[in-house]
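Peer 1: Dropping a structure here in structure tokens format, bear with me for questions.
The values are calculated or read from the model by the stated rules, or taken from the named source; none is laboratory data. Note that the structure is predicted; figures quoted are calculated from it, not measured. Heads up, the Cβs are rebuilt from the backbone with ideal geometry, glycines too, and the neighbour counts pull from every protein chain shown. To get the accessible areas, we keep the full protein, side chains included, count just its heavy atoms, and leave off ligands, DNA and RNA. Shrake-Rupley method; radii C 1.70, N 1.55, O 1.52, S 1.80 Å.
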Amino acid sequence: MERRHLGRTGLRVSRLGLGTLTWGRDTGEHEAAEQLRTFHEAGGTLVDTADVYAGGGAELLLGRLLDAVAPRRELVIATKAGSVLDPARRVDGSRGHLLAALDASLARLGTDHVDLWQLHAFDPATPLEETLQALDTAVASGRARYAGVSNFCGWQLAKAATWQLAAPGARTRLAGTQMEYSLLQRGIEREVLPAALDLGIGVLPSSPLGRGVLTGKYRRSTPDGSRGASAHLAPFVAPYLDEAARRIVDAVAIAADGLATTPLEVALAWVRDRPGVTAPVVGARTAQQLKAALSVETLTLPDEICQALDDVSAPVHRYPDQDWSTL
């Protein structure tokens, strides 16, 4: 699998990542092992998790599989901290919480460092410089090799990245930002993506298949065993089952027919090759589904197909994103 640099850093990762959101909850150890083996054998390196996935279960499961299934040294392990399972406070970006969470993640993963440590979300209740200081401490101590963020809007990303760049050598530059991005969700193109491109931050798209909807599996009905049929994941899929999404899914299916490939490959190739994108993070239910996603490595969409998909899925961006003189 081809590798790309994550932002303006020396960290190189496979241009597809493996997500573990369901590991330890819906995905058991045998299936997780098959996914990791399949991913590693295909040349994949980036494996993404978080301390809150399955309440820590995803990290525990990944830790058991490291070296047993794929050599730790050949993988780029990314995890996140900051989200908390407390309805009264969804995010805790305090230095104390973050560094304690990192130590707990390392213990669950059974490793002395993670390759990429990410702030899971912006915490408005904690001074940003305190939150970012935790990243500096983690990297300086060797517990994290690189640092990034997740779910930061445009101004939050720009503020955080600029703060880090203001003291080169003393503060750790942000390597990446993980954001939802797909043909069904292009919101980051408004401000996040321009900021990332300008500041040299790599984008790691999550849900690159529109929460599974862009595979076309929901065009006629909700398949048994799918996320849309799951009691706890159905609300996650539901926003992408409206008429606007259906038009985009139909366009992807038409493009796939014309290219003699699958809607999954078309949708994934589109987001993988967008400007600023380093590696979409794919979460599969089975190893067979993961193999289907990995087959996109050989596909590059023709320019006319990309343009047609751009047009049918284009979000409305006017003032102040558009040149004011054209309004």
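Peer 1: Within the set of pairs 6 or more residues apart or between chains, which connect a residue that is among the β-branched types (V, I, T) inside the range 53-78 to a residue that is open to solvent by 10 Å² or more (accessible area, probe 1.4 Å) with Cβ atoms less than 7 Å apart?
Peer 2: V69/A33; V69/R37; V76/D115; I77/T111; I77/D115
Peer 1: Consider the range 143-160. How many of its residues are under 14 Å from G200 (Cβ atoms) and small (G, A, S)?
Peer 2: Result for the range 143-160: 4.
Peer 1: Any residue at all in the range 12-30 that's more than 16 Å from Q289 (Cα to Cα), at pLDDT 95 or above, in contact with a strand residue (DSSP E or B) (Cβ under 6 Å, 6 or more places away or on another chain) and open to solvent by 60 Å² or more (accessible area, probe 1.4 Å)?
Peer 2: yes
Peer 1: So in the range 231-250, with the set limited to residues that are of a type outside the set (V, I, T) and under 14 Å from T215 (Cβ atoms), which one is surrounded by the most Cβ atoms within 10 Å (Cβ to Cβ)?
Peer 2: Filtering the range 231-250 for residues that are of a type outside the set (V, I, T) and under 14 Å from T215 (Cβ atoms), the one surrounded by the most Cβ atoms within 10 Å (Cβ to Cβ) comes out as Y240.
Peer 1: May I pose another question? Take the residues in the range 68-86 that are among the small types (G, A, S) and in a strand (DSSP E or B), then tell me which one is farthest from the chain's Cα centre (by Cα).
Peer 2: A70
Peer 1: Can you spot a residue in the range 79-95 that is acidic (D, E), open to solvent by less than 40 Å² (accessible area, probe 1.4 Å) and more than 30 Å from M1 (Cα to Cα)?
Peer 2: Among the residues of the range 79-95, at least one is acidic (D, E), open to solvent by less than 40 Å² (accessible area, probe 1.4 Å) and more than 30 Å from M1 (Cα to Cα), which makes the answer yes.
Peer 1: Being touching a residue at least 40 places away in the same chain (Cβ under 8 Å) and among the acidic types (D, E) is the filter here, so list the residues in the range 32-51 that pass it.
Peer 2: Scanning the range 32-51 gives E34, D48, D51.
Peer 1: In addition: If only one of A314, A308 is in contact (Cβ under 8 Å) with a residue 60 or more places away in the chain and either among the aliphatic types (A, V, I, L, M) or over 13 Å from L18 (Cβ atoms) (or both), which one is it?
Peer 2: Testing whether each residue is in contact (Cβ under 8 Å) with a residue 60 or more places away in the chain and either among the aliphatic types (A, V, I, L, M) or over 13 Å from L18 (Cβ atoms) (or both) leaves just A314.
Peer 1: While we're looking at this one, here's another question. I need the full set of residues from the range 87-104 which are assigned to a loop (DSSP other than H, G, I, E, B) and touching an Asp or Glu at 6+ places or on another chain (Cβ under 7 Å), in order please.
Peer 2: Selection gives D92, G93, S94.
Peer 1: So P235 clears everything in (1) under 26 Å from T22 (Cα atoms); (2) assigned to a helix (DSSP H, G or I); (3) at pLDDT 95 or above except one condition, right? Which one?
Peer 2: P235 satisfies all of (1) under 26 Å from T22 (Cα atoms); (2) assigned to a helix (DSSP H, G or I); (3) at pLDDT 95 or above except (3).
Peer 1: Restrict the check to the range 204-219 and report whether at least one residue is farther than 19 Å from T79 by Cβ and without any contact (Cβ under 8 Å) to a residue 12 or more places away in the chain.
Peer 2: Yes, the range 204-219 has at least one match.
Matching residues to (1) more than 21 Å from G10 (Cβ to Cβ); (2) among the basic types (K, R); (3) touching a strand residue (DSSP E or B) at 6+ places or on another chain (Cβ under 7 Å); (4) modelled with pLDDT of 95 or more:
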{"residue": "D86", "(1), (2), (3), (4)": "yes, no, no, no"}
{"residue": "G93", "(1), (2), (3), (4)": "yes, no, yes, yes"}
{"residue": "A104", "(1), (2), (3), (4)": "yes, no, no, yes"}
{"residue": "Q118", "(1), (2), (3), (4)": "no, no, yes, yes"}
{"residue": "D123", "(1), (2), (3), (4)": "yes, no, yes, yes"}
{"residue": "V139", "(1), (2), (3), (4)": "no, no, yes, yes"}
{"residue": "A144", "(1), (2), (3), (4)": "no, no, yes, yes"}
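Peer 1: Filter the range 256-287 for residues that are open to solvent by 10 Å² or more (accessible area, probe 1.4 Å) and assigned to a helix (DSSP H, G or I) and give the result.
Peer 2: D257, G258, L259, P263, L264, E265, A287
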